[in-house]
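Student: Once you've had a glance at the structure underneath, I'll fire off some questions.
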Amino acid sequence: MKVLTRHSSRSRHFFKKENRTRYVIPILGTPEKNKECFALRIVVCIKQVPDVAEIRIDEIKHTLIRSGVPSILNPFDEFAVEEALKVRESFGGNVTAISMGPLQAKEALYKCLAMGIDRAILLSDSKFAGADTWATARTLAMTIQKIGFYLVICGMKAVDGETCQVGPQVAELLDIPHVSYVKRLDVNVDGKSLVAERMTEQGHQVVRSSIPCLLTASKALNLPRLPTLINQMAAKKKIIEIFTAEDIGAQKEQVGLPGSRTHVLKVYTPDLSTGKGKIVSGDDLDSAITQLLELFKKDGITQ
Amino acid sequence: MNSTKSSGVWIVGEQKDGQLAAVTLELLTIGRLIANSLKQQLTVIIIGNNLEYVVEILREYGADRIVLVSGEVVEHFIPEVHSNSIAALVAKNSPSIILFPATYDGRDVAARLSAKLGVGLAADCTDLSVDEQGRFIQIRPAFGGNLMAVITQPVTTPQLATLRPHITKPAKSLEKIEPVVERTAAIGLSKLYDKAILKTVREVTEEYGNLDEAEVVIGVGRGLGNVANLKMVNQLATLLNAAVGGSRGVVDAGWLPHNQQIGLTGRVISPKMYLALGISGAVQHLVGVRTAKEIVAVNIDAQAPIFKVATYGIVGDLTIVLPTLIKQLESKISTREAAVQGKA
């Protein structure tokens with residue numbers, strides 16, 4: 001019991017109280033007025049991922065062929081960036097994108113800059129390597145805490161890991177509420193609360209939450225803008241700030257592999273049973289359908 | 001941290017509007033096996049109001065202890081309230097393992113709880129077991145199901161995992177266990193913030209059914225030809241009691257609502273049978289159906305990649321195959337009905 005108290009107290013006081021950023025709820029004015037307003041900082045967490053659609057399996061060795069697979073901005077993060085930009089367009093403030101990854105991950109941040117964000121931070125340090133979702137969430141939360149925030153928006157999942165976990169974990173570490181799988185967002189005119197529609201298996205929930213709040217974006221949220229060629233070229237000239245573990249005040253054992261709670265024992269490619277099925281021609285339709293009906297019966301789908 | 005001191009396998013069930021979700025029983029079945037291997041107690045936690053009905057159902061699936069968490073604050077699902085309430089229970093009993101369903105709600109609660117407790121969480125597992133060394137082993141897909149990762153959590157307890165629905169069949173317990181039933185009050189939100197559910201809307205269109213719950217799912221692709229052919233698909237769906245989903249192409253074309261999209265940027269489903277009609281089988285789509293038990297494909301192109309993963313396939317024109325299939329199914333049903341009436 002003692003042990004568990006230690007856990008919870010550790011994460012609850014994860015950020016020393018005196019270090020906590022005070023939330024200043026802004027008096028909303030014109031977007032221009034709020035441009036430099038710290039309290040209207042919208043943080044977007046993004047990730048560079050391998051283009052999953054391009055991944056091929058070596059069918060003999062049963063391994064993943066990753067060489068030559070292009071890296072892209074996680075598709076769900078595009079919806080997050082777009083929504084952040086839309087909030088900025090109506091309320092002012094500024095949008096900061098943060099990402100954890102190797103230096104190559106700059107490419108994904110350049111794309112965000114081309115879309116129109118104000119500031120890009122790459123958390124890049126060998127100490128961050130090998131992080132599981134908990135260590136990742138912790139690293140992101142420490143960074144967000146350091147730079148200050150009003151809204152935090154993430155993609156609902158990354159297409160490589162597909163955990164849907166990091167967003168809610170970051171929210172818990174920041175001690176703020178979260179709304180996941182958001183398909184519609186309305187920030188209240190007073191800037192103190194929001195109403196969001198959250199997807200569920202059966203339909204959706206309409207949720208009201210105070211701000212600061214963390215949201216995870218679903219595909220139905222918006223249509224991300226395509227950066228123009230001029231903006232893409234201009235983005236390449238912008239600065240991407242590099243933060244190390246020291247910059248966010250993280251100890252070696254808090255982040256990366258040492259800070260991770262889950263350990264991967266091994267990975268393997270599943271047997272995809274390719275080419276084992278029975279494929280018949282539709283020219284002999286009666287026989288083809290009879291076999292299908294038998295299959296339905298065998299599986300208990302029809303009587 | 002000290003795993004020798006913590007004991008107990010917990011599962012957090014899901015229930016809505018007076019109905020226990022099927023995944024709760026699936027979790028119980030897996031939880032029982034794990035608890036037996038570790039020689040630990042199995043606890044089920046159900047959060048909500050008017051829960052008395054669940055006790056009768058859960059009793060048959062072999063839980064040692066049932067904890068019902070109720071209160072005004074859990075009238076609607078709020079993940080912060082659920083994770084607060086479970087954290088309070090953890091502080092009292094220190095379990096070794098907690099399992100959640102990998103549903104929209106289950107993932108939210110598990111993630112917040114893991115951050116709150118500072119422990120690990122394996123998401124979206126497709127298999128959970130205990131190895132010879134007594135380690136809790138979690139297997140989960142990554143890279144769209146192209147890779148499976150075997151995970152352990154050696155450093156912290158409780159070890160958290162979310163399990164995909166439909167992975168296992170619920171099995172009633174063979175030995176009769178009389179569970180201890182405890183009732184406790186839910187813990188509300190942190191005072192730092194405010195959150196409320198204004199409305200819960202069911203929008204699963206009767207027309208297309210629920211992709212996550214249906215045993216048979218029909219997926220349509222652009223190969224269907226035109227949107228008018230959806231009528232036939234719906235007819236077939238009624239006959240097979242199936243839900244209807246589609247590829248990104250048909251959803252983007254507006255043939256089906258967003259909710260019904262299957263694949264990388266849509267739903268990941270694991271039905272008993274997936275019937276792919278006019279779907280070519282791009283990787284982005286296949287990752288959404290990889291865990292289906294059986295894949296049946298109809299496509300005019302014999303080279304379509306869907307045939308590589310199908311257990312049964314018909315190479316043919318859908319506008320001919322579909323009406324014939326419907327006709328045969330209908331005649332089968334009407335002869336059966338006639339036979340039944342004849343007997344009566």
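The values are calculated or read from the model by the stated rules, or taken from the named source; none is laboratory data. These numbers were taken from a predicted model, which means no experiment stands behind them. So basically every Cβ, Gly included, is an ideal-geometry build from the backbone, and we count neighbours across all protein chains shown.
Student: Pairs needed: first member in region B:91-112, within 16 Å of B:R164 (Cβ to Cβ); second member anywhere, among the polar types (S, T, N, Q) and at pLDDT below 95; C-beta distance under 6 Å; at least 6 residues apart or different chains.
Tutor: Pairs that qualify, where the first residue is within 16 Å of B:R164 (Cβ to Cβ) and the partner is among the polar types (S, T, N, Q) and at pLDDT below 95, are B:Y104/A:T200; B:A111/A:Q165.
Student: Another one. For region B:249-261, check the following and say yes or no: at least one residue is within 20 Å of B:Q328 (Cα to Cα), outside any helix (DSSP H, G or I) and not assigned by TED's automatic domain parsing to the domain that holds B:A142.
Tutor: As a first pass, look at region B:249-261 and keep what is within 20 Å of B:Q328 (Cα to Cα): none.
Looking through region B:249-261, none of the residues is within 20 Å of B:Q328 (Cα to Cα), outside any helix (DSSP H, G or I) and not assigned by TED's automatic domain parsing to the domain that holds B:A142.
Student: Here is a further query. Can you name the number of the only condition in (1) under 30 Å from B:A302 (Cβ atoms); (2) in contact with a strand residue (DSSP E or B) (Cβ under 8 Å, 6 or more places away or on another chain) that A:D286 fails?
Tutor: Result: A:D286 passes all but (2).
Student: One residue is enough: does region A:145-158 have a residue meeting the conditions more than 25 Å from B:V119 (Cβ to Cβ), surrounded by fewer than 20 Cβ atoms within 10 Å (Cβ to Cβ) and in contact with a Lys or Arg (Cβ under 6 Å, 6 or more places away or on another chain)?
Tutor: Yes, because at least one residue in region A:145-158 is more than 25 Å from B:V119 (Cβ to Cβ), surrounded by fewer than 20 Cβ atoms within 10 Å (Cβ to Cβ) and in contact with a Lys or Arg (Cβ under 6 Å, 6 or more places away or on another chain).
Student: Also, I was wondering about something else. State which residue is surrounded by the fewest Cβ atoms within 10 Å (Cβ to Cβ) when the search covers only region B:87-112 and only residues that are part of a helix (DSSP H, G or I), more than 8 Å from chain A (Cβ to nearest Cβ) and among the aliphatic types (A, V, I, L, M). Lay out the reasoning, then the answer.
Tutor: Filtering region B:87-112 down to residues part of a helix (DSSP H, G or I) leaves B:87-93, B:104-112.
The next check asks that each one be more than 8 Å from chain A (Cβ to nearest Cβ); those that pass are B:88-89, B:93, B:106, B:109.
Subsequent filtering for residues that are among the aliphatic types (A, V, I, L, M) retains B:88-89, B:109.
Working: B:A88: 15, B:L89: 20, B:V109: 29.
Checked region B:87-112; the qualifying residue surrounded by the fewest Cβ atoms within 10 Å (Cβ to Cβ) is B:A88.
Student: Out of region B:301-317, which residues are within 8 Å of chain A (Cβ to nearest Cβ) and not in a strand (DSSP E or B)? Break it down stepwise before answering.
Tutor: So the first thing to find is which residues in region B:301-317 are within 8 Å of chain A (Cβ to nearest Cβ), and the list is B:302, B:307-317.
Result: B:A302, B:F307, B:K308, B:V309, B:A310, B:T311, B:G316, B:D317.
Student: Just one of B:A297, B:A310, B:A304, B:A253 is surrounded by fewer than 24 Cβ atoms within 10 Å (Cβ to Cβ) and farther than 26 Å from A:Q202 by Cβ; which is it? Walk me through it before giving the result.
Tutor: Numbers: B:A297 fails: surrounded by fewer than 24 Cβ atoms within 10 Å (Cβ to Cβ); B:A310 fails: surrounded by fewer than 24 Cβ atoms within 10 Å (Cβ to Cβ); B:A253 fails: farther than 26 Å from A:Q202 by Cβ.
Just a single option satisfies the conditions, and that option is B:A304.
Student: Here are B:K231, B:K199, B:K172: which of them is at the interface with chain A (Cβ under 9 Å from one of its Cβ atoms) and under 28 Å from B:I269 (Cα atoms)?
Tutor: Details: B:K231 fails: at the interface with chain A (Cβ under 9 Å from one of its Cβ atoms); B:K172 fails: at the interface with chain A (Cβ under 9 Å from one of its Cβ atoms).
Checking each option against the conditions leaves just B:K199.
Student: Given (1) at pLDDT 90 or above; (2) under 19 Å from the mean Cα position of the chain (by Cα), identify the lone condition not met by B:I187.
Tutor: (2)
Student: Same structure again: Hey, can you tell me all the residues within region B:34-51 that are touching a residue at least 12 places away in the same chain (Cβ under 8 Å) and in a helix (DSSP H, G or I)? Lay out the reasoning, then the answer.
Tutor: Keep residues of region B:34-51 that are touching a residue at least 12 places away in the same chain (Cβ under 8 Å), which gives B:34-35, B:37-38, B:40-51.
If the condition is that a residue be touching a residue at least 12 places away in the same chain (Cβ under 8 Å) and in a helix (DSSP H, G or I), then B:I34, B:A35, B:S37, B:L38 are the ones that fit.
Student: Can you tell me which of B:I333, B:I320, B:I326 is at pLDDT below 90, within 29 Å of A:D284 (Cα to Cα) and within 11 Å of chain A (Cβ to nearest Cβ)?
Tutor: Values: B:I320 fails: at pLDDT below 90; B:I326 fails: at pLDDT below 90.
Testing whether each residue is at pLDDT below 90, within 29 Å of A:D284 (Cα to Cα) and within 11 Å of chain A (Cβ to nearest Cβ) leaves just B:I333.
Student: A further question on this structure: If a residue has to be at pLDDT 85 or above and either aliphatic (A, V, I, L, M) or loosely packed, with under 14 Cβ neighbours inside 10 Å (or both) to count, how many in region B:195-210 make the cut?
Tutor: So the answer is 5.
Student: Moving on. What's the number of the condition A:H178 fails, among (1) in contact with a Pro (Cβ under 7 Å, 6 or more places away or on another chain); (2) over 29 Å from A:D247 (Cα atoms)?
Tutor: (2)
Student: On to the next question. For region A:225-303, which helices (runs of 4 or more DSSP H) that fit wholly inside it have 1 or more residues that are over 30 Å from A:E78 (Cβ atoms) and at pLDDT below 90? Please lay out each step first, then the result.
Tutor: On the way: elements: A:229-236, A:256-259, A:285-298.
The helices (runs of 4 or more DSSP H) meeting that bar are A:285-298.
Student: Only one of B:G48, B:G62 is closer than 23 Å to B:I137 by Cα and either more than 11 Å from chain A (Cβ to nearest Cβ) or surrounded by fewer than 19 Cβ atoms within 10 Å (Cβ to Cβ) (or both). Can you tell me which?
Tutor: Working: B:G48 fails: closer than 23 Å to B:I137 by Cα.
Only one candidate qualifies: B:G62.
Student: Looking at A:A137, is it buried (at least 24 other Cβ atoms within 10 Å of the Cβ) and free of Cβ contacts under 8 Å to residues at least 60 places away in the same chain? It would help to see each step written out before you state the result.
Tutor: Numbers: buried (at least 24 other Cβ atoms within 10 Å of the Cβ): yes; free of Cβ contacts under 8 Å to residues at least 60 places away in the same chain: yes.
In short, yes.
Student: Would you mention how many residues in region B:133-190 are closer than 22 Å to B:R112 by Cα and not β-branched (V, I, T)? Show your work before the answer.
Tutor: Here is the first cut: in region B:133-190, the ones closer than 22 Å to B:R112 by Cα are B:136-142, B:151-165, B:184-190.
Retained after the next criterion (residues that are not β-branched (V, I, T)): B:136, B:138, B:140-142, B:153-154, B:158-161, B:163-165, B:185-186, B:188-190.
Number satisfying all stated conditions: 19.
Student: Tell me the residue from A:E201, A:E107 that is in the same structural domain as A:I239 (by TED's automatic domain parsing), part of a helix (DSSP H, G or I), acidic (D, E) and surrounded by fewer than 22 Cβ atoms within 10 Å (Cβ to Cβ), please.
Tutor: Selected residue: A:E107, the only one of A:E201, A:E107 that is in the same structural domain as A:I239 (by TED's automatic domain parsing), part of a helix (DSSP H, G or I), acidic (D, E) and surrounded by fewer than 22 Cβ atoms within 10 Å (Cβ to Cβ).
Student: Quick one: in region B:291-344, of everything that is without any contact (Cβ under 8 Å) to a residue 60 or more places away in the chain and of a type in the set (S, T, Y), which residue is farthest from B:L224 (Cα to Cα)?
Tutor: Restricting to residues being without any contact (Cβ under 8 Å) to a residue 60 or more places away in the chain and of a type in the set (S, T, Y), the top hit is B:T335.
Student: Continuing with the same structure: Among the residues of region A:191-214, how many are more than 8 Å from chain B (Cβ to nearest Cβ) and modelled with pLDDT under 90?
Tutor: 2
Student: Return yes or no: is B:V244 modelled with pLDDT of 85 or more, under 20 Å from A:K157 (Cβ atoms) and not small (G, A, S)?
Tutor: no
Student: Test each condition in (1) under 22 Å from A:F296 (Cβ atoms); (2) crowded, with 20+ Cβ neighbours inside 10 Å; (3) touching a Ser or Thr at 6+ places or on another chain (Cβ under 9 Å); (4) at the interface with chain A (Cβ under 8 Å from one of its Cβ atoms) for B:I279 and report the one that comes out false.
Tutor: Just one mismatch for B:I279, condition (4).
Student: So A:D132 fits all but one of (1) charged (D, E, K, R); (2) at the interface with chain B (Cβ under 7 Å from one of its Cβ atoms); (3) surrounded by fewer than 22 Cβ atoms within 10 Å (Cβ to Cβ); what number is the exception?
Tutor: Unmet condition: (3).
Student: State all residues of region B:59-86 that are in a helix (DSSP H, G or I), modelled with pLDDT of 90 or more and farther than 21 Å from B:S96 by Cα; if no residue qualifies, say none.
Tutor: Our first condition is that a residue be in a helix (DSSP H, G or I); within region B:59-86, this holds for B:59, B:72-74, B:79-86.
Now restrict to residues that are modelled with pLDDT of 90 or more: B:72-74, B:79-86.
Scanning region B:59-86 gives B:E72, B:V73, B:V74, B:P79, B:E80, B:V81.
Student: OK, next. Looking only at region B:211-222, count every residue that is within 14 Å of chain A (Cβ to nearest Cβ) and either modelled with pLDDT of 90 or more or part of a strand (DSSP E or B) (or both) and tell me the total. Full working, then the answer.
Tutor: Kept after step one, since they are within 14 Å of chain A (Cβ to nearest Cβ), are these residues of region B:211-222: B:211-218.
Now drop any that are not either modelled with pLDDT of 90 or more or part of a strand (DSSP E or B) (or both), which leaves B:216-218.
The number of residues fulfilling the criteria is 3.
Student: Oh, and also: Of all residues in region B:117-148, count the ones that are of a type in the set (D, E, K, R), within 21 Å of the chain's Cα centre (by Cα) and part of a loop (DSSP other than H, G, I, E, B). Lay out the reasoning, then the answer.
Tutor: To start, the set of residues in region B:117-148 that are of a type in the set (D, E, K, R) comprises B:124, B:127, B:131-132, B:135, B:140.
Then keep just the ones that are within 21 Å of the chain's Cα centre (by Cα); that gives B:124, B:127, B:140.
Subset that is part of a loop (DSSP other than H, G, I, E, B): none.
Total satisfying the criteria: 0.
Student: Kindly evaluate B:L239 against the criterion of being facing chain A (nearest Cβ under 10 Å), surrounded by fewer than 21 Cβ atoms within 10 Å (Cβ to Cβ), assigned to a helix (DSSP H, G or I) and at pLDDT 85 or above. Give the derivation first.
Tutor: On the way: facing chain A (nearest Cβ under 10 Å): yes; surrounded by fewer than 21 Cβ atoms within 10 Å (Cβ to Cβ): yes; assigned to a helix (DSSP H, G or I): yes; at pLDDT 85 or above: yes.
It is true that B:L239 is facing chain A (nearest Cβ under 10 Å), surrounded by fewer than 21 Cβ atoms within 10 Å (Cβ to Cβ), assigned to a helix (DSSP H, G or I) and at pLDDT 85 or above.
Student: Checking B:H285 against (1) under 29 Å from B:N146 (Cα atoms); (2) modelled with pLDDT of 90 or more: exactly one of these is not met. Which one?
Tutor: (2)
Student: Does A:L173 satisfy being crowded, with 18+ Cβ neighbours inside 10 Å, assigned to a strand (DSSP E or B), in contact (Cβ under 8 Å) with a residue 40 or more places away in the chain and not hydroxyl-bearing (S, T, Y)?
Tutor: On the way: crowded, with 18+ Cβ neighbours inside 10 Å: yes; assigned to a strand (DSSP E or B): no; in contact (Cβ under 8 Å) with a residue 40 or more places away in the chain: yes; not hydroxyl-bearing (S, T, Y): yes.
Against the criterion (crowded, with 18+ Cβ neighbours inside 10 Å, assigned to a strand (DSSP E or B), in contact (Cβ under 8 Å) with a residue 40 or more places away in the chain and not hydroxyl-bearing (S, T, Y)), A:L173 does not qualify.
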